[in-house]
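Participant: The structure is given below, and queries will be raised subsequently.
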Amino acid sequence: MTGSASLSSPLCTWLFTACMSVTCAKESAHALSPPSYNSSRRRKAKAAALPMKCCSSSSSIGGTVHSSPSNDNSNNKSMLSFKGLMSSCLADEPCSRYYSSGGLLRRRISPPATSGQAMAVAVQPTKEVETKKKPLTRQRRVVVTGMGVVSPLGHDPGVFYNNLLQGVSGVTRIEAFDCAQFPTRIAGEIKSLSTDGWVAPKLSKRMDKFMLYMLTAGKKALADGGITEDVMGELNKTKCGVLIGSAMGGMKVFNDAIEALRISYKKMNPFCVPFATTNMGSAMLAMDLGWMGPNYSISTACATSNFCILNAANHIIRGEADVMLCGGSDAAIIPIGLGGFVACRALSQRNDDPTRASRPWDTNRDGFVMGEGAGVLLLEELEHAKKRGANIYAEFLGGSFTCDAYHMTEPRPGGVGVILCIEKALSQSGISKEDVNYINAHATSTPAGDLKEYQALMHCFGQNSGLRVNATKSMTGHLLGAAGAVEAIAAIQAIRTGWVHPNINLENSDQGVDTSVLVGPKKERLDVKAALSNSFGFGGHNSSIIFAPFK
């Protein structure tokens, strides 16, 4: 093999590969030019990686190859061959050896012609690849077209909100089981719920209550949103999804399985594992509806619902879905659930006066009151909703999450995580803090949590004129993973009706709390410009979502 041929084979392979990569980069409409320092490093690395050919001693200056006079004839041929290869490759065309090899690049290194000498090659830098900016597209808007609720204050959004406006408390003595052994014997308990027409009787006997609540509220949200059988038949079900979470999951199903196991595994409910998982409610609802879009659950303790609502909205914004059912459900008022929270020393023990036990921002609060239920929103892409003539209740503007990364149950001092969450939610929603004039606070009636949230709210919105803040939990108790969705429904109802519900049991406020921003013991008129709803969960999970009137 001649010197020229021996030079051509490996150099052709390398240069063609390098040049073809440049061509591919040019052909990509969205390719990004690498920074110059990376380009320089790449060129040096590639030059160093070239096969070492033992020719006459040579050096590279300014991209030109210089060789010594020895072996002139052989080197001239090599130079001619090399120049041909360079012109061929820089023209983005493969060399003749590529075609003769049948399109296969072979990395074969020929034996050195002269030992002890090497040839270095420097390639001229290629021009920076021009990038084409992605055309700006208008963000898809998300609206609320349906609501479903199962709560201690009613199982219809209208009934539920009317009871809130009237200051009715849903906290009572627990009747589902004997709780005489516990120091806390009160809760926001659902006394009765008919699932007829909403859940198949065979399933309703086996499902955990959190799933029954979820499926019932989800179906009611569809009915409220005008999704009839005819409309359902016209939906693109691959772009319809379900994202409803739970903080606790199927606690009763799992607890019953443990009790059955004491006798024999044969006595266990064969559905105990799937019906205990938090995702199965969303999955079962999707199976019932035939919806094949995004389907999963999120569990972030008491912030669960807000996480689900924001993620569902993002699926619509990104074009992955047109319709989403989202929210949360929990049913933990059973002995193990009550006992667990008692062990945490988190619950109120005002057993003799249940309706006055949940009292956010009041100096006499002694812990939160457990509640149960479900809240589900029907979110829809605006044009999709308009096309089918849907009734639009409000627009979802956006929201955010942060993590305190501080303590399992205590918020970070100074409310840093909450403040950051609110500021990010405002930024993501595209509104200023002055636009927010109604806040549905997380306010669980715990000594530390209420005050730190209030301080964070005043840091962000303290200068807003006409700001009104209330706490739905003063009447429902704390619905755990369902709280955010049920409170989102309360915020949307405030937008719809122009009335905000009272804070009940607020008799002696904490020192430093300005009661002028808190809604009083009676409902109040308010033209809501933008409503913010907060939810926080064990583990330091913070979430804020924002709704506004649709315009």
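The values are calculated or read from the model by the stated rules, or taken from the named source; none is laboratory data. Here the structure is a predicted model, which means the values were calculated and not measured. When we count neighbours, we look across all protein chains shown, and the Cβ atoms used for this are built from the backbone with ideal geometry, even at glycine. In case anyone asks, the SASA skips ligands and DNA or RNA and just uses the protein heavy atoms, side chains included. Shrake-Rupley method; radii C 1.70, N 1.55, O 1.52, S 1.80 Å.
For (1) closer than 26 Å to Arg345 by Cα; (2) open to solvent by less than 60 Å² (accessible area, probe 1.4 Å); (3) modelled with pLDDT of 95 or more; (4) assigned to a loop (DSSP other than H, G, I, E, B), each residue gets a yes or a no:
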position	(1), (2), (3), (4)
Leu136	no, no, no, yes
Val143	no, yes, yes, no
Gly170	yes, yes, yes, yes
Ala187	yes, yes, yes, no
Ser192	no, no, no, yes
Gly197	no, no, no, yes
Ile227	no, yes, yes, yes
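Participant: Next question. On the given criteria, is Gly415 on the phi > 0 side of the Ramachandran plot and part of a helix (DSSP H, G or I)? Walk me through it before giving the result.
Facilitator: Details: on the phi > 0 side of the Ramachandran plot: yes; part of a helix (DSSP H, G or I): yes.
Yes.
Participant: For the stretch 271-289, name all the residues that are open to solvent by 30 Å² or more (accessible area, probe 1.4 Å) and either without any contact (Cβ under 8 Å) to a residue 24 or more places away in the chain or over 13 Å from Asp208 (Cα atoms) (or both). Can you show your working first?
Facilitator: So in the stretch 271-289, the residues open to solvent by 30 Å² or more (accessible area, probe 1.4 Å) come out as 271, 273-274, 277-280, 284, 287-288.
Listed by number, the residues that qualify are Val273, Pro274, Asn279, Met287, Asp288.
Participant: Leu235 - would you say it is under 12 Å from Gly373 (Cα atoms) and aliphatic (A, V, I, L, M)? Outline the logic, then answer.
Facilitator: Details: under 12 Å from Gly373 (Cα atoms): no; aliphatic (A, V, I, L, M): yes.
Taking the combined requirement at face value, the residue does not satisfy it.
Participant: OK, next. Within the set of pairs 6+ apart or on separate chains, which have a first residue in the stretch 467-483 that is under 19 Å from Tyr213 (Cα atoms) and among the charged types (D, E, K, R), a second that is open to solvent by 10 Å² or more (accessible area, probe 1.4 Å) and not in a strand (DSSP E or B), and C-beta atoms under 6 Å apart?
Facilitator: Within 6 Å, the pairs are Lys473/Thr444.
Participant: Continuing with the same structure: Looking at this structure, is Glu383 out of contact with any Gly (no Cβ under 7 Å at 6 or more places or on another chain), open to solvent by 20 Å² or more (accessible area, probe 1.4 Å) and under 24 Å from Ala531 (Cα atoms)? Walk me through how you get there before you give the answer.
Facilitator: Details: out of contact with any Gly (no Cβ under 7 Å at 6 or more places or on another chain): yes; open to solvent by 20 Å² or more (accessible area, probe 1.4 Å): yes; under 24 Å from Ala531 (Cα atoms): yes.
Against the criterion (out of contact with any Gly (no Cβ under 7 Å at 6 or more places or on another chain), open to solvent by 20 Å² or more (accessible area, probe 1.4 Å) and under 24 Å from Ala531 (Cα atoms)), Glu383 qualifies.
Participant: Return the residues of the stretch 141-186 that are acidic (Asp, Glu) and closer than 18 Å to Gln493 by Cβ; say none if nothing qualifies.
Facilitator: Just the residues of the stretch 141-186 that are acidic (Asp, Glu), to begin with: 156, 175, 178.
The answer is Asp156, and nothing else.
Participant: In the stretch 421-466, what residues are hydrophobic (A, V, I, L, M, F, W, C) and either free of Cβ contacts under 8 Å to residues at least 24 places away in the same chain or over 22 Å from Gly371 (Cβ atoms) (or both)?
Facilitator: Quick first cut of the stretch 421-466, residues hydrophobic (A, V, I, L, M, F, W, C) only: 421-422, 425-426, 431, 436, 439, 441, 443, 448, 451, 456-458, 460-461.
Once the filter is applied, which keeps residues that are hydrophobic (A, V, I, L, M, F, W, C) and either free of Cβ contacts under 8 Å to residues at least 24 places away in the same chain or over 22 Å from Gly371 (Cβ atoms) (or both), the stretch 421-466 yields Cys421, Ile422, Ala425, Leu426, Ile431, Val436, Ala456, Leu457, Met458, Cys460, Phe461.
Participant: Something else now. Which ranges mark the helices (runs of 4 or more DSSP H) fully within the stretch 442-551 that have 1 or more residues being within 27 Å of the chain's Cα centre (by Cα) and closer than 18 Å to Val149 by Cα?
Facilitator: Numbers: elements: 447-461, 473-476, 483-497.
It comes to 473-476, 483-497.
Participant: Out of Pro521, Pro502, which single residue is modelled with pLDDT of 95 or more and open to solvent by less than 20 Å² (accessible area, probe 1.4 Å)?
Facilitator: Details: Pro521 fails: open to solvent by less than 20 Å² (accessible area, probe 1.4 Å).
One residue alone meets the criteria, Pro502.
Participant: Tell me, which residue of the stretch 230-266 that is β-branched (Val, Ile, Thr) and open to solvent by 70 Å² or more (accessible area, probe 1.4 Å) is modelled with the highest pLDDT? Before the answer, list the steps.
Facilitator: The first filter runs over the stretch 230-266 and keeps only residues β-branched (Val, Ile, Thr), leaving 231, 238, 242, 244, 253, 258, 263.
Still in the list and also open to solvent by 70 Å² or more (accessible area, probe 1.4 Å): 238, 258, 263.
Working: Thr238: 98, Ile258: 90, Ile263: 95.
Checking each candidate, the answer is Thr238.
Participant: Restricting the stretch 344-364 to residues that are surrounded by fewer than 24 Cβ atoms within 10 Å (Cβ to Cβ) and of a type in the set (Lys, Arg), which is nearest to Lys452 (Cα to Cα)?
Facilitator: Out of the qualifying residues, it is Arg345.
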